[in-house]
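The values are calculated or read from the model by the stated rules, or taken from the named source; none is laboratory data. This one's a predicted model, so the numbers in the text were calculated from it and none came from an experiment. Note: ideal-geometry Cβ built from the backbone for every residue, glycine included; neighbour counts use all protein chains shown. Ligands, DNA and RNA are excluded from the accessible area calculation, which covers all protein heavy atoms including side chains. Shrake-Rupley method; radii C 1.70, N 1.55, O 1.52, S 1.80 Å.
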Amino acid sequence: MTGAEGGTFPAPKYPPVALEQRQQGTVTLIIGVKPDGSVESVELKTSSGHSTLDRAAIQHVKTKYKFLPITSGEMRFFEKDIQYQMQ
């Protein structure tokens, strides 16, 4: 995470449909964070090549990520790669 000073960033679960179809790839996201640490927006910067993985990564970040709050009152933006690779 570029510029993140802490928070909660759990690893995403592999979407079952993507596993069945043996989809792999890396999703690059731009995350907009409010001063309270909650995620305001998530934009797709680079697709994995599979819409199932892209959607899963976006939804995961929107609902599971929490950044540390700041007092400056400014929005922050971070770039994050989420890699889906079958073991």
remark   = Here the residues within the stretch 38-53 that are open to solvent by less than 60 Å² (accessible area, probe 1.4 Å), more than 17 Å from residue 24 (Cα to Cα) and more than 11 Å from the chain's Cα centre (by Cα) are 38
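Test residue 19 against the criterion of being assigned to a strand (DSSP E or B) and among the aliphatic types (A, V, I, L, M), and give yes or no.
Taking the combined requirement at face value, the residue does not satisfy it.
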message = Pull out all pairs, ordered by first then second residue, where Cβ-Cβ is under 6 Å, the residues are six or more apart or on different chains, the first lies in the stretch 24-51 and is over 18 Å from residue 10 (Cα atoms) and modelled with pLDDT under 95, and the second is open to solvent by 60 Å² or more (accessible area, probe 1.4 Å) and not in a strand (DSSP E or B).
response = 36/69
request  = Among what's in the stretch 1-25 and is in contact with a helix residue (DSSP H, G or I) (Cβ under 9 Å, 6 or more places away or on another chain) and among the hydroxyl-bearing types (Ser, Thr, Tyr), pick the residue that is surrounded by the fewest Cβ atoms within 10 Å (Cβ to Cβ).
outcome  = 8
inquiry  = Out of everything in the stretch 54-87 that is closer than 20 Å to residue 34 by Cα and among the aliphatic types (A, V, I, L, M), what residue ends up being surrounded by the most Cβ atoms within 10 Å (Cβ to Cβ)?
reply    = 57
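Looking only at the stretch 65-85, decide whether some residue is of a type outside the set (D, E, K, R) and touching a helix residue (DSSP H, G or I) at 6+ places or on another chain (Cβ under 9 Å). Talk me through it step by step, then tell me what you get.
Here is the first cut: in the stretch 65-85, the residues of a type outside the set (D, E, K, R) are 65, 67-73, 75, 77-78, 82-85.
Among the residues that remain, those that are also touching a helix residue (DSSP H, G or I) at 6+ places or on another chain (Cβ under 9 Å) are: 82, 84.
Yes; the residues of the stretch 65-85 include at least one that is of a type outside the set (D, E, K, R) and touching a helix residue (DSSP H, G or I) at 6+ places or on another chain (Cβ under 9 Å).
Regarding the stretch 44-53, can at least one residue be identified that is of a type outside the set (S, T, N, Q) and part of a strand (DSSP E or B)?
Applying the first criterion (of a type outside the set (S, T, N, Q)) to the stretch 44-53 yields 44-45, 49-50, 53.
Then drop every residue that is not part of a strand (DSSP E or B), which leaves 44-45.
Yes, that holds for at least one residue.
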